[in-house]
Amino acid sequence: RINRNESVLEKLPKSLQLYSSEYHFLFEVLYKFNKSDNKGDYVTLIGIPNAVRRFVELYTYSRLPGNSSSTVDQRAAKLWGDERSKRILKVLHYFSHANNIDRMIRNSDLICDIDNAVADLMVELKKDGKHYEELKKSLKKWQV
């Protein structure tokens, strides 16, 4: 959107064109981050909390479709338990709102925990074995 009366339509980025859903794209982002040896790149870190929050929203909705009025935290707690779900979501909720480099730099102790939260999420996804394996098969561009 340029202004109230004017917009520009552009092609989707290639990374989004490769997938049939946002869910598969977000899984790729998180999977690559989890496997990466270089997790200290602030440009990458800024997007990870939002990617995790959105991925967990979609995952928990699909696993608990009858809980549409519940929050992502409530659904995650039902799936993974209170402690584990808070472990995964606490840091990510903090950084997924009003992200900017200054906020991340001021909270370097919390930013160090993003890697662990994503790793914990992957552990929980692996417990959902068939789903996790199918998600890995959906990776298009990045070799597993």
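Only the coordinates and a few stated rules stand behind these numbers; no lab work does. Keep in mind that this is a model prediction, so the values were computed, not measured. Ideal geometry is used to build each Cβ from the backbone, glycine not excepted, and the neighbour counts take in all protein chains shown.
Brief remarks on what is shown
- Over 20 Å between alpha carbons, listed pairs LYS35/LYS127; LYS32/LYS78; LYS35/LYS78; LYS32/LYS86: LYS32/LYS78; LYS35/LYS78; LYS32/LYS86
- Hits among aspartates and glutamates - C-alpha to C-alpha of LYS137 under 12 Å, sequence gap 8 or more where chains match: GLU28
- Peptides 124-134, 82-92 ordered by average Cβ neighbours within 10 Å, highest first: 82-92, 124-134
- In terms of its Cα atoms, segment 30-94 spans 38, 21, 19 Å along the principal axes, sorted from long to short.
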